[in-house]
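So the structure is just underneath, and the comments pick up after that.
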Amino acid sequence: MSEPKLHALLVADIGSVMTHVWLVDAVDGETRLIGQSEAPGGLAPADDPASAILEAARHIEEQTGRRLIDNGTLVTPKNAEGQGIDGVVVCSSAAGLMGLVIAAIAGDISARSARRAARATYTHVLQTITLDDAVRQEQIGVIGDSGLTWIERQVQSLLGVRPDAVLIVGGIEGGAQEALVRLAHIIGLASLNIQVDTQGQQMRSVARRPVLFAGNSQARDRVAAALADRADLIVTDNIRPTLDVECLEPVRREIVRLYDRLMMPRLARISALTRVPARASCDAAGVMTRFIAGQTRSGVLALDVGGMSTTAHLCSQGRYSPVVLGGVGIGYGIGAVLARRGVEAIRRWLPFPISERDLVHWLLNKMLRPHIPPLTREDLLIEHAVAREALSCVLEELLDEHPDAAYDRVFIGGGVFRHAPHPGLTTLTVLDALQPTSKENMMALDLHLDALGLINACGVLAFSEPDAALTLFERDLMHNSPLATVVTTLGEGHAGELAVEAELRVEGGATHTVRVAHGEIARLNLSPGRYGTLTLRPAAGVRIGRNAPGAEVSSELAAIHGSTLGVVIDARGRPLRLPEDAQARQQALWSWLMALGIEREPLPYPALDSVVEASLPVLTAPVIPAPLRPGESRPTTEMPVASGSIESDLAKLRQTVEEPKKRGFFRRK
């Protein structure tokens with residue numbers, strides 16, 4: 001049997017802000033990474049993804065000396081001199097959000113399961129209709145002063161949102177049918193468009209859209225009859241066959257297929273470049289999460305924070321749980337983070353004083369220009385504060401579905417982490433959001449930073465070039481990703497009191513010891529390629545993982561693998577509670593930055609409570625002048641703009657938006 005032919009490929013991941021491109025080719029009979037680069041550009045109307053791919057390919061040409069472009073086009077196929085490529089493989093997270101309406105019988109059961117299933121890809125739930133909501137509000141017949149029945153109100157609302165697809169769920173097997181038929185009639189009525197032409201005649205048309213039915217199987221025929229000629233019905237397994245059983249996987253598969261059919265054609269502008277159909281980036285990450293879990297025989301959690309989406313993929317104990325929050329990110333998705341978490345949730349992570357108004361202005365500027373990298377230390381810390389809250393959002397959704405989530409490895413992706421100036425900042429940001437408790441393992445948690453962004457590259461290759469994906473994973477991804485081995489102490493204690501003493505015996509080297517107090521984080525250096533044996537001696541009342549409080553714990557001989565940061569000991573408590581006192585919180589935040597080597601100098605900022613909060617402008621009704629009489633003219637005297645008025649506030653905002661300072665929003669002390 002002949003060996004499969006290895007191809008020279010450009011692999012592109014098109015994001016909402018940046019396009020990441022990798023060049024892979026055969027080296028000694030294996031597909032290896034040759035070069036990689038990024039270029040601004042996504043799928044926005046003003047962007048040309050093909051141009052972004054070509055720009056990144058030019059950078060790779062400069063890195064490798066290999067000719068990839070000739071007269072503005074890619075050189076294909078690869079020639080005898082080794083120049084050019086055989087094709088392009090693409091994934092993207094920027095094809096847009098699929099608008100979804102959920103119609104369910106019960107809001108706290110079937111609708112909740114539907115929302116979990118909808119998070120399998122880049123969706124946005126526009127509206128949720130539940131029949132129990134009508135019952136709770138005693139909506140029988142005419143409702144309120146509108147003169148509309150409950151059904152009429154739902155139809156009117158649906159006509160306004162215009163979803164891409166509808167998901168109908170509810171009814172355990174052998175249970176309710178009439179309620180599902182009623183929901184189907186509502187969806188059917190909302191598909192009718194009635195317009196009046198210039199002659200005064202009514203014109204009726206039907207806006208057929210996909211409707212996915214995942215309810216009581218005994219109601220399928222009646223639901224199909226209610227939607228006849230008004231929808232493209234797709235039937236799948238009941239999402240909640242019993243009250244105690246949730247069946248999400250079949251529904252997730254259909255939602256992903258719908259997304260591929262409805263949204264991915266937006267990548268048609270680059271179809272001439274690609275060898276195979278483009279895939280969603282979250283699908284690529286999901287494939288690799290399951291593959292890594294199988295290869296390493298461990299529970300794997302993959303996290304990614306992008307400009308417009310934040311994702312978490314968990315594969316543990318044979319169960320796969322994807323959570324994709326479209327519209328939540330650190331670029332265009334900052335608005336959703338603000339809406340979910342609030343300004344104070346972001347500001348609490350900052351060790352320098354900043355008013356709420358100034359912070360909001362910074363965030364708005366970031367939303368307008370997400371491609372501009374952080375220019376100062378303060379910019380960087382704000383960006384990572386937003387990343388913490390974006391991760392918290394996605395982890396809350398994951399724990400809602402999988403409260404007993406168990407994992408041994410965490411893979412971290414996203415430009416905000418890849419481009420962090422110090423690996424300790426990535427580690428601290430992820431630990432603050434993740435807050436691992438070590439309940440899922442006996443001792444330690446391994447963090448991996450996908451510094452080259454290869455998880456998505458391997459994932460999209462797996463659909464068409466599985467052998468290439470495997471060797472890239474084994475040779476390039478795993479060898480370049482170890483970030484830290486994290487140990488978390490569990491147990492209460494006063495700040496400053498000893499929580500644990502850690503001893504690391506490095507094979508062929510010295511023995512390092514560190515004493516970590518409650519409220520502190522510390523690390524022991526263990527370089528990549530080295531191995532060590534770790535011994536932990538917790539104080540009374542403090543435990544490591546599932547071990548007894550105060551029990552000494554040791555790893556197997558040379559079981560700890562070296563990584564970028566080595567071993568990190570986190571004794572800050574679970575759940576992590578920031579000090580309420582502003583000065584104590586500021587000192588704690590800065591001490592953690594210093595402990596992981598991110599900062600080396602003492603705190604350079606004034607106290608957090610030194611910031612002066614500007615009062616919000618008072619909006620008043622405009623004064624409408626009386627109409628002029630014939631022959632009268634209105635005085636042209638300009639009124640001075642009072643300080644603190646809305647005009648002056650808008651003027652300041654325009655200055656920050658239109659002419660950002662070259663040194664960033666803050667000045668270094």
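Do we have L526 as modelled with pLDDT of 95 or more, touching a Lys or Arg at 6+ places or on another chain (Cβ under 9 Å) and over 24 Å from A495 (Cα atoms) here? Walk me through it before giving the result.
Numbers: modelled with pLDDT of 95 or more: yes; touching a Lys or Arg at 6+ places or on another chain (Cβ under 9 Å): no; over 24 Å from A495 (Cα atoms): yes.
So L526 fails the test.
Looking at A106, A117, A95 in this structure, which one is in contact with a helix residue (DSSP H, G or I) (Cβ under 8 Å, 6 or more places away or on another chain), part of a helix (DSSP H, G or I) and touching a residue at least 60 places away in the same chain (Cβ under 8 Å)? Let's see the steps before the verdict.
Values: A106 fails: part of a helix (DSSP H, G or I); A95 fails: part of a helix (DSSP H, G or I).
Exactly one residue qualifies, and that residue is A117.
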**Asked** What single numbered condition from (1) surrounded by 16 or more Cβ atoms within 10 Å (Cβ to Cβ); (2) out of contact with any Leu (no Cβ under 9 Å at 6 or more places or on another chain); (3) under 23 Å from L434 (Cα atoms) fails to hold for R537?
**Response** (3)
**Residues located in the stretch 570-600, provided they are assigned to a loop (DSSP other than H, G, I, E, B) and within 20 Å of T427 (Cβ to Cβ)** = R572, G573, R574, P575, L576, R577, L578, L596, G597, I598, E599, R600
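Please verify whether R543 is in contact with a Leu (Cβ under 6 Å, 6 or more places away or on another chain), touching a residue at least 24 places away in the same chain (Cβ under 8 Å), over 30 Å from R600 (Cβ atoms) and surrounded by fewer than 22 Cβ atoms within 10 Å (Cβ to Cβ), treating the condition exactly as stated. Let's see the steps before the verdict.
Working: in contact with a Leu (Cβ under 6 Å, 6 or more places away or on another chain): yes; touching a residue at least 24 places away in the same chain (Cβ under 8 Å): yes; over 30 Å from R600 (Cβ atoms): yes; surrounded by fewer than 22 Cβ atoms within 10 Å (Cβ to Cβ): yes.
Taking the combined requirement at face value, the residue satisfies it.
In the stretch 487-520, how many residues are among the acidic types (D, E), assigned to a strand (DSSP E or B) and free of Cβ contacts under 8 Å to residues at least 60 places away in the same chain?
Taking the stretch 487-520 as the starting set, the residues that turn out to be among the acidic types (D, E) are 492, 497, 501, 503, 507, 520.
Narrowing further to those that are assigned to a strand (DSSP E or B): 501, 503, 520.
When the remaining residues are screened for being free of Cβ contacts under 8 Å to residues at least 60 places away in the same chain, the result is 501, 503.
Matching residues across the stretch 487-520 total 2.
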**Prompt:** Quick one: is N456 polar (S, T, N, Q) and modelled with pLDDT of 95 or more?
**Reply:** yes
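Farther than 13 Å from G329 by Cα, in contact with a Gly (Cβ under 9 Å, 6 or more places away or on another chain) and either surrounded by fewer than 22 Cβ atoms within 10 Å (Cβ to Cβ) or modelled with pLDDT of 95 or more (or both), is that true of E397? Steps first, please.
On the way: farther than 13 Å from G329 by Cα: yes; in contact with a Gly (Cβ under 9 Å, 6 or more places away or on another chain): no; either surrounded by fewer than 22 Cβ atoms within 10 Å (Cβ to Cβ) or modelled with pLDDT of 95 or more (or both): yes.
Considered against the rule, which asks whether it is farther than 13 Å from G329 by Cα, in contact with a Gly (Cβ under 9 Å, 6 or more places away or on another chain) and either surrounded by fewer than 22 Cβ atoms within 10 Å (Cβ to Cβ) or modelled with pLDDT of 95 or more (or both), E397 comes out as no.
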**Prompt:** Among (1) of a type outside the set (A, V, I, L, M, F, W, C); (2) under 30 Å from D400 (Cα atoms); (3) in contact with a helix residue (DSSP H, G or I) (Cβ under 7 Å, 6 or more places away or on another chain); (4) in a loop (DSSP other than H, G, I, E, B), where does G175 come up short?
**Reply:** (3)
**Request:** Please verify whether the stretch 442-453 includes one or more residues that are closer than 30 Å to A385 by Cβ and in a helix (DSSP H, G or I).
**Result:** no
**Fill in**
Note on the stretch 82-92: residues outside any strand (DSSP E or B) and among the hydrophobic types (A, V, I, L, M, F, W, C) are I85
**Message:** With part of a loop (DSSP other than H, G, I, E, B) and of a type outside the set (D, E) as the only criterion, which of A420, A484, A468 stands out?
**Reply:** A420
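The values are calculated or read from the model by the stated rules, or taken from the named source; none is laboratory data. Predicted model only: the values in this text are computed from it and were never measured. Please note: Cβ atoms are built from the backbone with ideal geometry, for glycine as well, and neighbour counts cover all protein chains shown.
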